[in-house]
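Notes for the one structure printed next.
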Amino acid sequence: MSEKFVLATHNPGKLAEMRAILSGLGVEVLSPAEAGVEVDVEETGSTFAENAMLKAKAVCASACLPAIADDSGLCADALNGGPGVYSARYGGEGLDDRKRCLLLLRNLRGQTTRAAHFSCAVACAFPNGDTLEAEGRCDGAIAFAPLGEGGFGYDPVFLIPEKGKTFGQLSSEEKSAISHRGKALAAFSEKLGTYLKK
Ligand code: ITT
């Protein structure tokens, strides 16, 4: 396989994880900068899957190459599934990852229900109009304080109870073995393998 794919994301944390997970596929993956595209897609969908497809199609059209997008987020039971599709925008534009984690902890203060999950939808769009989709989910809980320096986004506050560690305390390999993104990309890789053999 020598197909080139653009990873349709501006998030360096996602890009690194997607690259590492997809490296086993034997296809060449390019960042938007490497593909010479700069597309800012408005995420107007109401589901992760819709937003992932919007991003994949926009970058595919701009790069004239197949594009793989990830739309993901953290869903807390006590917040009725929030911040969910708004995870990147939680608290408004001015916040960085650390401040968004602290805001989440503040909004959960006093809540006994800490259950939460990460969801990830992966979408791939090809220049001929074909598309592929896959999803993954990882269940866990919101920690009471940030722990760990690894990963990105909400990793320091997402606890895996069976491991007694947050995503932020896991190596990238340990995280991808159980994460929403790892699962979505594993399912996607199978579909892509079948598609490319056709
Ligand atoms: P792109 O749209 O350019 O891919 P983004 O960061 O805006 O980048 P999303 O719209 O999918 O991506 O927002 C997902 C947010 O959810 C992301 O910014 C993180 O804050 C959070 N998130 C997703 N996956 C995560 C993970 O594995 N670990 C920690 N936080 C994660």
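The values are calculated or read from the model by the stated rules, or taken from the named source; none is laboratory data. What you are looking at is a predicted structure, and each value in this text was computed from that prediction instead of being measured. For neighbour counting, all protein chains shown are included, and Cβ atoms are generated from backbone atoms with ideal geometry for every residue, glycine included. In case anyone asks, the SASA skips ligands and DNA or RNA and just uses the protein heavy atoms, side chains included. Shrake-Rupley method; radii C 1.70, N 1.55, O 1.52, S 1.80 Å.
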Choose one answer from ALA123, ALA184, ALA69: the residue with the largest mean-square fluctuation in a GNM of the chain with alpha-carbon springs under 10 Å.
-> ALA184
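Per residue, how many Å² of accessible area does the chain show with a 1.4 Å probe? Can you show the working numbers first?
On the way: 9710 Å² over 198 residues.
Solvent-accessible surface per residue comes out at 49 Å².
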Percent antiparallel among DSSP beta bridges confined to the stretch 1-158, nearest 5, equals 85 percent
About its Cα centre, what dipole magnitude does the chain give when the only charges are +1 on Lys and Arg Cβ and -1 on Asp and Glu Cβ, stated in debye to the nearest 20?
-> 440 debye
Where TYR86, TYR154 fall by accessible area, highest first, once all protein chains stay in place (1.4 Å) = TYR86, TYR154
Identify, among GLY110, LEU65, ALA49, the residue whose Cα sits farthest towards the positive end of the charge dipole of the stretch 1-130, taking +1 on the Cβ of Lys and Arg and -1 on the Cβ of Asp and Glu, with the dipole about the Cα centre.
-> GLY110
Quick tally, 1.4 Å probe accessible area for CYS64, CYS75, sorted with the most first, runs CYS64, CYS75
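What longest region of the chain stays clear of GluC sites (Glu not before Pro) that DSSP places outside H, G, I, E and B and that have at most 11 other Cβ atoms within 10 Å?
Answer - 94-148.
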Considering the chain as a Gaussian network with a 10 Å cut-off on Cα pairs, which listed residue, PHE126, PHE158, PHE48, attains the greatest mean-square fluctuation?
-> PHE126
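Taking 8 Å as the Cα distance limit and 6 or more residues as the minimum spacing, I'd like the relative contact order of the stretch 56-198 as a percentage. Don't jump to the answer; show the numbers that get you there.
Details: 268 pairs, mean separation 31.2, N = 143.
Dividing the mean separation by the residue count of the stretch 56-198 yields 22 percent.
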In the stretch 1-69, carbon and sulfur make up what percent of the accessible area (probe 1.4 Å)?
-> 52 percent
Evaluate the Debye formula for the stretch 86-184 with equal point scatterers sitting on the alpha carbons, no solvent, and hand back log10 of I(q)/I(0) at q = 0.13, 0.22 Å⁻¹, in q order, two decimals.
-> -0.50, -1.16
Please work out how many pairs of lysine residues in the chain are eight or more positions apart (or on different chains) and have Cα atoms closer than 20 angstrom.
-> 20
Per GNM of the chain with C-alpha springs under 10 angstrom, the most fluctuating residue out of GLY150, GLY24, GLY81 is GLY24
Put +1 on the Cβ of every Lys and Arg and -1 on every Asp and Glu Cβ in the stretch 134-198; which of ILE142, THR166, ALA177 then has its Cα farthest towards the positive end of the dipole?
-> ALA177
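Could you work out the local net charge near ALA58, counting Lys and Arg as +1, Asp and Glu as -1, over the other residues with Cβ closer than 13 Å to its Cβ?
Every neighbour counted, the sum reads -4.
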